[in-house]
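Have a look at this one before I ask anything.
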Amino acid sequence: MSPFFQWLEHSWLGTSVNNSLWAFAAFEAGHLLALAVIGGAVLVVDLRMLGWVFPRQRVAEVATEARPWLIGSVVAMFLTGIPLMASLAFSKYYFNEAFRLKMYFLAAALLFTFFVRQRVALGDDVRANSMVAKAVAVMSVLLWSGVGVMGRGIGFY
Amino acid sequence: MSTMLSFCQWLANTPFSSGIRESTYIYPVVESVHVLSLCMFIGLLLLWDLRLLGITLRRIAVSEVWARLIPWITVGAVLMVISGLLLFASDPVRFFGNIFFRVKAVGLFLALLNALAFHLGIERRIVEWDTSAITPRAAKFAGAASIALWAAIVVTGRFVAYNWFPPLV
């Protein structure tokens, strides 16, 4: 992986962010705004699966409403996160344990959300209200919290 | 202003403040709580604001969206305020002198004002538009203003960490 991280830092994107006074801060602010959106879009569905919000609406209805915001915020996260990563790819993130853990949590959260949680939420109504769905919701909150905490941890490591 | 500065200086010299400032773990933990509760508070508040704009959850009555979301928004808000006050207490003089912190404080005040204006204004006639997908102009304005103000609060909050400008005090 180290050649990739070195290439990324010396790429046009990495050097552009590095040479700008405000680019890093601006992408960071955008990343934080997308985090707020992802928080709401993930949480509202997980809370519904737990039966703690909108109990009169079907799980699938809440998940359908949240879906464009979930996908939009994930896209915004990548669009703002990749320039941040590129700027210090090898000189910081490659050796940063919190960054590494964040990437593991992110991969797990994305796979779990789109291959498990969305299927349960948008699928059969009985299953979407079952104990399995509640366990899925708890797992989703834990995985995404891991991404957030490790993301904040990058700066402290 | 000098009274506020004196207060900040007094607070900075308390063992409470230096305890947070000098601890290896308290600051990172409190800041992580601040960021995670941001997701809960602003993320769910956004869904409410989008309902006021007539964009999401349009099939659910406005009053029901509010009633269902408000317990969670409140939990998020309480965590934000507690963690935010602790972060402020860790280094009050620096925050007080930071231009972005001051802009953020103004943003918070305006966001509260906007919520109050909504509560005293168009919310009083909510029975007339509660179940309609298309919301009145005043409700749309309140939703849009809330989104804009909270976005500005998040951005200026993040910028507090940068010392692009000399301290004001």
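Can you pull out the residues in the range A:31-63 that are more than 16 Å from B:ARG58 (Cβ to Cβ), in contact (Cβ under 8 Å) with a residue 12 or more places away in the chain and outside any helix (DSSP H, G or I)?
Correct list: A:LEU50, A:GLY51.
For the range B:101-118, enumerate the residues that are under 30 Å from B:ASN163 (Cα atoms) and open to solvent by 30 Å² or more (accessible area, probe 1.4 Å).
Scanning the range B:101-118 gives B:PHE101, B:ARG102, B:VAL103, B:LYS104, B:ALA105, B:VAL106, B:LEU108, B:PHE109, B:LEU110, B:LEU112, B:LEU113.
Now for a different question. Inspect all residues belonging to the range B:36-55 and state whether any of them is of a type in the set (Asp, Glu), within 28 Å of A:GLY151 (Cβ to Cβ) and out of contact with any Lys or Arg (no Cβ under 6 Å at 6 or more places or on another chain). Show your work before the answer.
Step one: filter the range B:36-55 for residues of a type in the set (Asp, Glu), giving B:49.
Among the residues that remain, those that are also within 28 Å of A:GLY151 (Cβ to Cβ) are: B:49.
Narrowing further to those that are out of contact with any Lys or Arg (no Cβ under 6 Å at 6 or more places or on another chain): B:49.
Looking through the range B:36-55, at least one residue is of a type in the set (Asp, Glu), within 28 Å of A:GLY151 (Cβ to Cβ) and out of contact with any Lys or Arg (no Cβ under 6 Å at 6 or more places or on another chain).
Just to check your reading of the model, which residue among A:SER130, A:SER91, A:SER87 is more than 14 Å from every other protein chain (Cβ to nearest Cβ), among the small types (Gly, Ala, Ser), surrounded by fewer than 19 Cβ atoms within 10 Å (Cβ to Cβ) and in contact (Cβ under 8 Å) with a residue 40 or more places away in the chain? I'd like the intermediate steps shown before the answer.
On the way: A:SER130 fails: in contact (Cβ under 8 Å) with a residue 40 or more places away in the chain; A:SER87 fails: surrounded by fewer than 19 Cβ atoms within 10 Å (Cβ to Cβ).
Among A:SER130, A:SER91, A:SER87, only A:SER91 is more than 14 Å from every other protein chain (Cβ to nearest Cβ), among the small types (Gly, Ala, Ser), surrounded by fewer than 19 Cβ atoms within 10 Å (Cβ to Cβ) and in contact (Cβ under 8 Å) with a residue 40 or more places away in the chain.
Another question, then. Answer yes or no: is there a residue in the range B:64-72 that is more than 19 Å from A:LEU70 (Cβ to Cβ), aromatic (Phe, Trp, Tyr), modelled with pLDDT under 95 and assigned to a helix (DSSP H, G or I).
The answer is no, given that none of the residues of the range B:64-72 is more than 19 Å from A:LEU70 (Cβ to Cβ), aromatic (Phe, Trp, Tyr), modelled with pLDDT under 95 and assigned to a helix (DSSP H, G or I).
Tell me yes or no: at least one residue of the range A:35-46 is more than 9 Å from every other protein chain (Cβ to nearest Cβ), over 25 Å from A:MET1 (Cβ atoms) and out of contact with any Ser or Thr (no Cβ under 6 Å at 6 or more places or on another chain). Before you say what the answer is, go through the steps one by one.
From the range A:35-46, those more than 9 Å from every other protein chain (Cβ to nearest Cβ) are A:45-46; that's our starting set.
Still in the list and also over 25 Å from A:MET1 (Cβ atoms): A:45-46.
After this cut, where a residue has to be out of contact with any Ser or Thr (no Cβ under 6 Å at 6 or more places or on another chain) as well, the list is A:45.
Yes; the residues of the range A:35-46 include at least one that is more than 9 Å from every other protein chain (Cβ to nearest Cβ), over 25 Å from A:MET1 (Cβ atoms) and out of contact with any Ser or Thr (no Cβ under 6 Å at 6 or more places or on another chain).
Among A:THR64, A:THR80, A:THR113, which is the only one that is at pLDDT 95 or above, within 14 Å of another protein chain (Cβ to nearest Cβ) and open to solvent by less than 60 Å² (accessible area, probe 1.4 Å)? First the steps, then the outcome.
Numbers: A:THR64 fails: open to solvent by less than 60 Å² (accessible area, probe 1.4 Å); A:THR113 fails: within 14 Å of another protein chain (Cβ to nearest Cβ).
Sole residue among the options that is at pLDDT 95 or above, within 14 Å of another protein chain (Cβ to nearest Cβ) and open to solvent by less than 60 Å² (accessible area, probe 1.4 Å): A:THR80.
So, one more: Spot the failing condition for B:ILE55; the list is (1) crowded, with 17+ Cβ neighbours inside 10 Å; (2) assigned to a helix (DSSP H, G or I), and only one is missed.
It is condition (2) that B:ILE55 fails.
With the condition kept exactly as written, say whether any residue in the range B:129-140 is away from every other protein chain (no Cβ under 14 Å), of a type in the set (S, T, N, Q) and outside any helix (DSSP H, G or I). Spell out how you get there, then give the answer.
Going residue by residue through the range B:129-140, those that are away from every other protein chain (no Cβ under 14 Å) are B:129-130, B:132, B:134-140.
Right, trim to of a type in the set (S, T, N, Q) and you get B:132, B:135.
So of that shortlist, the ones also outside any helix (DSSP H, G or I) come out as B:132, B:135.
Within the range B:129-140, one or more residues are away from every other protein chain (no Cβ under 14 Å), of a type in the set (S, T, N, Q) and outside any helix (DSSP H, G or I).
May I pose another question? Among what's in the range A:116-127 and is assigned to a helix (DSSP H, G or I) and in contact with a helix residue (DSSP H, G or I) (Cβ under 8 Å, 6 or more places away or on another chain), pick the residue that is surrounded by the most Cβ atoms within 10 Å (Cβ to Cβ).
Pass one, the range A:116-127, residues assigned to a helix (DSSP H, G or I): A:116-122, A:125-127.
Now narrow it down to the ones that are in contact with a helix residue (DSSP H, G or I) (Cβ under 8 Å, 6 or more places away or on another chain): A:116-118, A:120-122, A:125, A:127.
Details: A:VAL116: 14, A:ARG117: 24, A:GLN118: 19, A:VAL120: 23, A:ALA121: 27, A:LEU122: 15, A:ASP125: 10, A:ARG127: 15.
The residue in question is A:ALA121.
Is it fair to say A:ALA137 is within 14 Å of chain B (Cβ to nearest Cβ) and either of a type in the set (A, V, I, L, M) or part of a loop (DSSP other than H, G, I, E, B) (or both)? Break it down into steps so the answer makes sense when it comes.
Values: within 14 Å of chain B (Cβ to nearest Cβ): yes; either of a type in the set (A, V, I, L, M) or part of a loop (DSSP other than H, G, I, E, B) (or both): yes.
Yes.
Could I ask something else about it? Among the residues of the range B:142-158, which ones are surrounded by fewer than 21 Cβ atoms within 10 Å (Cβ to Cβ), within 13 Å of another protein chain (Cβ to nearest Cβ) and closer than 10 Å to B:LEU53 by Cβ?
B:ILE147, the sole residue that qualifies.
Tell me which residues, restricted to the range B:19-33, are within 19 Å of the chain's Cα centre (by Cα), open to solvent by less than 40 Å² (accessible area, probe 1.4 Å) and more than 9 Å from every other protein chain (Cβ to nearest Cβ).
B:VAL30
Sticking with this one: Report, by residue number, each residue of the range A:3-30 that is at the interface with another protein chain (Cβ under 9 Å from one of its Cβ atoms) and touching a residue at least 24 places away in the same chain (Cβ under 8 Å).
A:GLU28, A:GLY30
Residue by residue, here is whether (1) within 14 Å of the chain's Cα centre (by Cα); (2) in contact (Cβ under 8 Å) with a residue 12 or more places away in the chain; (3) open to solvent by less than 40 Å² (accessible area, probe 1.4 Å) holds:
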| residue | (1), (2), (3) |
| --- | --- |
| B:SER83 | yes, yes, yes |
| B:ARG94 | no, yes, no |
| B:LEU120 | no, no, no |
| B:ILE126 | no, yes, yes |
| B:VAL169 | no, yes, no |
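Same structure, new question: I'd like to check something: does the range B:64-79 contain any residue that is open to solvent by less than 40 Å² (accessible area, probe 1.4 Å), more than 19 Å from the chain's Cα centre (by Cα) and not charged (D, E, K, R)? Give the derivation first.
So in the range B:64-79, the residues open to solvent by less than 40 Å² (accessible area, probe 1.4 Å) come out as B:64-65, B:69, B:73, B:76-77.
Okay, now just the ones that are also more than 19 Å from the chain's Cα centre (by Cα), so B:64-65.
Right, trim to not charged (D, E, K, R) and you get B:65.
The answer is yes; a qualifying residue exists.
The values are calculated or read from the model by the stated rules, or taken from the named source; none is laboratory data. Just so you know, these numbers come straight off a predicted model, no measurement behind them. Note: ideal-geometry Cβ built from the backbone for every residue, glycine included; neighbour counts use all protein chains shown. Only protein heavy atoms, including side chains, enter the accessible area calculation; ligands, DNA and RNA are left aside. Shrake-Rupley method; radii C 1.70, N 1.55, O 1.52, S 1.80 Å.
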